[in-house]
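The values are calculated or read from the model by the stated rules, or taken from the named source; none is laboratory data. No experiment lies behind these values; they were computed from the predicted model shown. In this analysis, Cβ positions are derived from the backbone assuming ideal geometry, glycine residues included, and neighbour counts consider all displayed protein chains. Surface accessibility is based on the protein's heavy atoms, side chains included, excluding ligands, DNA and RNA. Shrake-Rupley method; radii C 1.70, N 1.55, O 1.52, S 1.80 Å.
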Amino acid sequence: MDTIFYFYLSKQILKIKTKTNQMKNVIYAINTTLDGCCDHTKFFPDEETMEYFTRLTRDTDTFVYGRKTYELMVPYWPDVAKNPSGDRKEDVEFAEAYDAVDKIIVFSQSLNSPEEKKTRVVRTGLHNEILKLKQEEGKNILTGGVNIPTQLAELGLIDEYHFVVHPIVIGEGRRLFEGVNLQEKLQLKLVESTVFKSGAVALRYLKQ
């Protein structure tokens, strides 16, 4: 009996240690067209797309951005959360989820005065800073835009890739992973796909 109890206790301790040592996931989520255009000014997310990103945001406690993406998101979405009149229901829900996230980390050499008090500007050390964030307790780390996610992909620091592919071809604009410089091929595993009524498809990949 003592041996059985000791074995059971050892397994429970191992489970606790494993859970404690588990690092937070870095998730890259972005809208893109069939031809890889991720310029948000070229197309507009529909209701289901906004709901998809709202769910991701609710499972997030940290945003990681470059300056350009930060300035696109802030103060726009916090303002919608504070004054939602006239906005779509799905936009308001996303704004409220966005405003509830604990902190925003912006990697920038030129941003001096962040809009949000919970925003911290980091000048250097992308690799080490992300590793420190991953070791904290809490929810996921969500990143967007192009420049910072591209650097994170090059460093192998993105755990999940969420691409919402819209059924349109733009023929111009910023392309996904444009100029990426990988030391080796990035191999991903498709673990989930969701087809929206609009024909857009949400694809969730894990890094192998």
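Summary of values
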item	result
Top-ranked residue in the range 40-62 [being closer than 15 Å to PHE163 by Cα and of a type in the set (D, E, K, R); ranked as most open to solvent (accessible area, probe 1.4 Å)]	ARG55
Filter result (touching a residue at least 40 places away in the same chain (Cβ under 8 Å) and not acidic (Asp, Glu)) within the range 110-127	SER110, LEU111, PRO114, THR119
Every residue from the range 63-73 that is part of a helix (DSSP H, G or I), open to solvent by 10 Å² or more (accessible area, probe 1.4 Å) and not acidic (Asp, Glu)	ARG67, LYS68, THR69, LEU72, MET73
Which listed residue, of PHE53, PHE44, is of a type in the set (Phe, Trp, Tyr) and touching a strand residue (DSSP E or B) at 6+ places or on another chain (Cβ under 9 Å)	PHE53
Selection from the range 20-34 of residues that are modelled with pLDDT of 95 or more and part of a loop (DSSP other than H, G, I, E, B)	LYS24, ASN25, LEU34
Filter pass, THR124 being open to solvent by 90 Å² or more (accessible area, probe 1.4 Å) and not aromatic (Phe, Trp, Tyr)	yes
Scan of the range 131-155 for residues that are closer than 21 Å to GLN22 by Cα and more than 15 Å from the chain's Cα centre (by Cα), ordered by number	LEU131, LYS132, GLN135, GLU136, GLU137, LEU155
Considering residues of the range 74-107 that are in contact with a Gly (Cβ under 8 Å, 6 or more places away or on another chain) and buried (at least 17 other Cβ atoms within 10 Å of the Cβ) only, the residue nearest to ASN147 (Cα to Cα)	PHE107
Residues within the range 144-185 that are in contact (Cβ under 8 Å) with a residue 40 or more places away in the chain, more than 23 Å from LEU34 (Cβ to Cβ), surrounded by 15 or more Cβ atoms within 10 Å (Cβ to Cβ) and not charged (D, E, K, R), tallied	3
Strands (runs of 3 or more DSSP E) within the range 99-208 that include 3 or more residues under 12 Å from VAL64 (Cα atoms) and of a type in the set (A, V, I, L, M, F, W, C)	103-107
